[in-house]
Amino acid sequence: MEWSADKNIRWKITVPGQGHATPVIWGEQIFILTAIETAPAGGAASSGQNQSADQRRGRGVSTDKAHQFTILSINRKDGQILWRQTATQALPHEGTHNDGSWASNSPITDGELLFAYFGSRGVFCYDLKGNLKWQKDLGDMSTRNGFGEGSSPALHGDKLVINWDHEGQSFIVALDKKTGKEIWKFDRDEPTSWSTPLVVNHNGAPQVIVNATNRVRSYDLNTGKILWESSGMTVNAIPSPVHSAGMVFVMSGFRGSALQAIRLGDAMGHINDTPAIVWQHDRDTPYVPSPLLYDGHLYFLKVNTAILSNFSARTGKPNYEPQRLEGLNNIYSSPVGAADRVYITSRNGATLVLKNGPQFEVLATNQLDDDFEASAAVVDQELYLRGRQTLYCIAEN
């Protein structure tokens, strides 16, 4: 598909506030999370006064303004707002990365309930008409260098799983999706991470796989018991695991490179130096974007750059590496795949469309006058891109 400002844009709308959360679609509804600045909080320190040395060097930003943490339900057909709910209004207790937002955690739904997770501001459960069912406060995170929060919840069956890795006591918790009551909770020996848990059914039993710096761990979804673990990734673990055909792939790429291909059938206990780790790779792995596993091809970017590798997921042999993506530069969003196409969106507004397969083939380069950090969402014949202030519905007219 090809698009531009005046080609194949079915509709676009301005989204108030700022957020890097990916749009979530169910039926004819799109759900967006955003944080909208309000008036400065009374008595709060100014942004400059309240910044740490790391923040003054541009590693993070603080704020003296409260925000409305808001959920929007949008009609897929025409982009009209169906309902809008402010979950809470609060002054963020610490900063976020200067490229980040205070609404970077993506929502999740099972078609009956919508879970809007705003990290330290809490988790909020709504029905799809916008009625609040329950809410829960899990505390306040203290993230590394005030870089902010970003991990999203995972949902499977009756359980909502939230990973809470920060500079205080980290933990993982499973909540009853209907009531918000805690089912199990276990402490974790981990620094701040931003990876979203992955729930995988293996041999009829669901397990929760979490990427992190000290250990990659798998938990029994029903009990929270650790099933297996391996040595961890680099610092600032962000990419989420991906899974297919009994194999899980975990990676990270800040101040180093790490990729492990893990066979679940062999994974039990400590799996380092066992057949469970089928292959490993120590170059050109991503910092922020998660990988894409599509029809046996494992796509991943180098750090946050427009340099792509494509490996055989089964063997670990490269189909191509490293391949520069012309027209793209810095990339935070994750690649997505649909209809035998791979879509990679850059922060400069360009999206490269590749043919899925072992050969590198560019089908189109599309440009919009916007900045993109959120990952794309694809439903039916429509592609949804969330820019800094605009949500686009892209479809062939």
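The values are calculated or read from the model by the stated rules, or taken from the named source; none is laboratory data. The structure presented is a predicted model; accordingly, all values stated were derived computationally and were not measured. As a convention, Cβ positions derive from the backbone with ideal geometry for all residues, glycine included, and neighbour counts pool all protein chains shown.
Key figures
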| quantity | calculated |
| --- | --- |
| Top-ranked residue of region 242-260 - restricted to ones that are in a strand (DSSP E or B) and hydrophobic (A, V, I, L, M, F, W, C), ranked as farthest from ASN201 (Cα to Cα) | ALA258 |
| Test: residue in region 314-330 that is surrounded by 23 or more Cβ atoms within 10 Å (Cβ to Cβ) and touching a strand residue (DSSP E or B) at 6+ places or on another chain (Cβ under 7 Å) | no |
| Qualifying residue in region 118-140 (condition: under 23 Å from PRO241 (Cα atoms), touching a residue at least 12 places away in the same chain (Cβ under 8 Å), surrounded by fewer than 20 Cβ atoms within 10 Å (Cβ to Cβ) and not small (Gly, Ala, Ser)) | no |
| Residue in region 369-380 that is among the acidic types (Asp, Glu), crowded, with 16+ Cβ neighbours inside 10 Å and touching a residue at least 40 places away in the same chain (Cβ under 8 Å) present | yes |
| Residues (hydrophobic (A, V, I, L, M, F, W, C), without any contact (Cβ under 8 Å) to a residue 60 or more places away in the chain and either within 15 Å of ASP176 (Cα to Cα) or crowded, with 23+ Cβ neighbours inside 10 Å (or both)) located in region 141-163 | ALA154, LEU155, LEU160, ILE162 |
| Close pairs (6 angstrom Cβ cut-off, 6 or more residues apart or separate chains): closer than 9 Å to ARG386 by Cα and assigned to a loop (DSSP other than H, G, I, E, B) in region 9-23, among the acidic types (Asp, Glu) and at pLDDT 95 or above anywhere | HIS20/GLU373 |
| Residues being part of a strand (DSSP E or B) and in contact with a Phe, Trp or Tyr (Cβ under 6 Å, 6 or more places away or on another chain) - total across region 365-390 | 4 |
| Qualifying residue in region 349-364 (condition: part of a loop (DSSP other than H, G, I, E, B), buried (at least 21 other Cβ atoms within 10 Å of the Cβ) and not aromatic (Phe, Trp, Tyr)) | no |
| Matching residues in region 331-344 - criterion: being in contact with a Ser or Thr (Cβ under 8 Å, 6 or more places away or on another chain) and surrounded by fewer than 22 Cβ atoms within 10 Å (Cβ to Cβ) | VAL336 |
| Which numbered condition ASN329 fails, given (1) modelled with pLDDT of 95 or more; (2) part of a loop (DSSP other than H, G, I, E, B); (3) closer than 28 Å to GLU149 by Cα | (1) |
| Qualifying residue in region 251-272 (condition: among the polar types (S, T, N, Q), more than 24 Å from VAL288 (Cβ to Cβ) and touching a strand residue (DSSP E or B) at 6+ places or on another chain (Cβ under 8 Å)) | yes |
| Given (1) surrounded by 14 or more Cβ atoms within 10 Å (Cβ to Cβ); (2) over 21 Å from the mean Cα position of the chain (by Cα), number of the condition LEU298 does not satisfy | (2) |
| Filter pass, LEU354 being closer than 19 Å to ILE30 by Cβ and not hydroxyl-bearing (Ser, Thr, Tyr) | no |
| Those residues of region 3-36 which are hydroxyl-bearing (Ser, Thr, Tyr) and farther than 17 Å from CYS125 by Cα, in sequence order | SER4, THR14, THR22 |
| Evaluation of GLY387 against (1) under 25 Å from THR234 (Cβ atoms); (2) within 17 Å of the chain's Cα centre (by Cα); (3) free of Cβ contacts under 8 Å to residues at least 40 places away in the same chain (one fails), failing number | (1) |
| The lone exception for PHE171 - which of (1) under 20 Å from the mean Cα position of the chain (by Cα); (2) over 24 Å from SER73 (Cβ atoms); (3) in contact (Cβ under 8 Å) with a residue 24 or more places away in the chain; (4) surrounded by fewer than 22 Cβ atoms within 10 Å (Cβ to Cβ) it fails | (3) |
| Count - residues of region 188-202 that are in contact (Cβ under 8 Å) with a residue 40 or more places away in the chain and farther than 27 Å from SER120 by Cβ | 2 |
| Count of region 183-207 residues which are part of a strand (DSSP E or B), over 22 Å from SER170 (Cβ atoms) and polar (S, T, N, Q) | 1 |
| Complete set of residues in region 174-211 that are among the basic types (Lys, Arg), over 22 Å from THR143 (Cβ atoms) and crowded, with 17+ Cβ neighbours inside 10 Å | LYS177 |
